[in-house]
Structures are given as structure tokens and as C-alpha cells.
Amino acid sequence: MTIDFSRDWLIIIPPDITQAEKAAGDLSRCIGLLAALNGGEAKPPKIVNAFDSMLSKTAPAIVLNCDKSDFRRNGFAWRAKPEQVEIFGESSRGLCNGIYSFLAATGISWPEPEQEKLPGSGAGLACDNVSEPSHFDEKTPLASPWRRFVPEDNNGVKRMLNKSKSEAFAAWAARNRYDALVIPMAEFVSAGQKLKQLEKFARDYGITLEAGGYDLSSLIPRKTFLLHRDYFRMEDGKRKKDHHFCPTNPGALKLAGKEAEKLFRAAIEAKVFHLWPDKGAETAWCSCPTCRAFTTQEQNRMGVNAAADILAVLKADAMITFYENSGEGEKIPMRKNTFKMEKLP
Ligand SMILES: [Zn+2]
């Protein structure tokens, strides 16, 4: 289906759409750009309040709507007709996702921050309706299908936290429908001001900051290797500095707890901490005489539990997610404040 955006469109918004306000402005700007593609002038549609819209019934309109519920309900639905587009969000956060899902169907994309790709002239909508419910469950909120952005490496972290770029980064994340940005825990210790700024821009779209990532190894700082080789994992009879640690060594567990406390305190406002094993080396655990009795999943569980005990004391309502793709760790029960992820971003 093609929609003629060069007509006098209106965007009708309900009151109080805090987390979708910026997205509604962006929608208007993008519709203006689409109108100009086909030779017209760039006319961003007027944004009018739902109460005032009765005056202009004849104009084609994009009608936005949302429920006033928990922003963790990120689901949405939209459908388009030549004269009317309706976009609904389960919350204003869901509405933000719905707006960008609709814009994606028009062919606009944002491959990188500060980059915008417009479709060719005459391009139609890729589809005329999309529905993505959140399946949000109060009891296990982490089970909702959230899209989490995890930086690839240190450069990726720098790009998020760069003072002059963090606003563009938050916009890029919203346009690509990320619900949360995952920041390594060490940044909460060292980059406080920059993080606050990123958080402020992300909040405009209802995007949450979560701490951690592939961060389980950070509980034993690698510099400890010089003094305490026995804290590190054994492979073929030798202690190895790369990947994870020896989770049955009492000294290693004590240090992991201390380090976890430092990191949790620094990121005290975060509600969700991710302690995933090293990417691509998930099974690189310890084969020392004591650890040998445990599978790699069980060792992973012991490491995560050590941190979960500390978090339970510091912050009763926060959770740790861990990674496991099979049930082989079942012999070691997990703490109540942990949540298993079977797929990682
Ligand atoms: Zn060991």
C-alpha cells in the first residue's frame, strides 16, 4: 500500500505520553521528509491534542494512543489505511516502539547514530499492520521480550558515553526499538557524570539503563593473577588468566563478593544486573582438583550465586540475570534474586 504523505496530515496525540513525546515529534519530521520525496515540499504534520482534533475531522490523520501502564509493557500494534494510521502502545514506552515500527515500514532506517536512510521515491509501506504484544508478567518481569543493546567492545562503550554524542545515541537506540542499554559495571565506577547524561537522554524515550553484560569475569580483576594464581581457572594443569575464575577457591569467592559489592554500590540505581560468561568462551571454566567434580554450568552458577548473595543484602528488589542454555546446572540451586536467560543479545 502507498500512502500520500504530501496531503495535510495531522498527528493526534492523547494527553500524557511522556515516553513517546520525542518519538511523536520525530514521526512528524519523518512524514515531512517522506512527503518531500515525491516532489512535494517537506510539510511535517501538525501535532494536535486528541481533545482539539474534532475541529479537523476531514484531514487524514495518524492517531496515537496508549494505555497508562507500567513502562515495562513495551508492546504495540498499528494499522495503516490510505487516510488513517492508528498506532497503539501498551504504555507510552510501547507507543514509542509502535511509532518506530511504523516508520520502519515506510522504509526509513537509522543504521548508525546521526545517520538516516530514506526510501526511494514511490516506495510503499512494507506491510499495513504489525502487532507485537509484550506478554509482560508482573511475577517474572525479566521474561518480557525486551530488546537490549549490549556494546560490542570498549569502543562501543565509549561511543555510548561520549558527551557530545550520547543524545544522538539515545535517539538511535529508540529508533531501532531498544528497550534497555546494557553498560559494563566498571563504567558505573568510573564514568558517573557521562552515565547520568546518557540516562537523561534515554529517559526521554523510556529506555532503561541496566548494568553488566558479559561481566561475570570482572568479579575477579585480572591484575590479581600476579599474586593469586590459585583464584584463576585451571586448564591442563595450568592456571589461566583469561576467562572466569576458580569458583571453589574460598579466596576467589571472597574477592568476587568484595568486587561485586563495590560494583553494585556504584550502580545502586540499576534494578537489573547482567552477569553473563565471556562471549564465545561460555564453557571455559576450571578443572582444578576441586572444581573437576562440577560441570561448567554448575561452576557458572556458583560464581553468579556469590554475587547474588551480596546483592540481596545491598538491594532487595534488584535482580541478576545469568546465562545457561541447558539444565545441566540443576544440582546447584540458584538464589531467588537471579533470573536465567537462555538467549543473550
Ligand atoms: Zn577450580
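Of note:
- With 0.36 nm allotted per residue and the present C-alpha distance subtracted, the I332-Q84 stretch has 83.7 nm of extension available.
- Subtracting the Cα-Cα distance of S109 and K196 from their residue separation scaled by 0.36 nm leaves 28.6 nm.
- Calculated SAXS-style log₁₀ I(q)/I(0) at q = 0.08, 0.09, 0.16 Å⁻¹ - the chain, Debye, Cα scatterers: -0.47, -0.57, -1.27
- Qualifying trypsin sites (Lys or Arg not before Pro) for the range 98-149 [loop in DSSP, other Cβ within 10 Å: at most 10]: K139
- Mean ellipticity per residue at 222 nm, deg cm²/dmol - from DSSP H runs of n ≥ 4 across the chain, formula -39500 (n - 2.57): -9500 deg cm²/dmol
- Cα-based equivalent ellipsoid, the range 14-141: semi-axes from gyration tensor eigenvalues, Å: 25, 18, 13
- Sparsely packed GluC sites (Glu not before Pro) within the range 66-145, loop by DSSP, other Cβ within 10 Å at most 16: E83, E114, E116, E138
- Residue pairs, from the table K46/K163; K165/K271; K22/K340; K238/K279; K271/K343, whose Cα atoms sit over 28 Å apart: K46/K163; K22/K340
- Between the alpha-carbon centres of the range 65-112 and the range 316-345 there is a gap of 31 Å.
- By the beta-carbon count within 10 Å of each Cβ, the least crowded to most crowded order of S92, S190, fewest first, is S190, S92.
- Spin-label pair N65-K43: with each label point 7 Å from Cα along the Cα-Cβ axis, the two points sit 2.7 nm from one another.
- Per-pair calculated FRET efficiency, R0 = 35 Å: A50 and A123 via Cβ, rounded to 0.05: 0.70
- For the pair R222 and K340, label points projected 7 Å from Cα toward Cβ lie 3.1 nm apart.
Where a number appears in this text, it was derived from the coordinates with a stated rule and is not lab data. Since the structure is predicted, the reported quantities are computational estimates derived from the model, not experimental observations. All Cβ positions, even for glycine, are placed from backbone atoms using ideal geometry, and neighbour counts span all protein chains on display.
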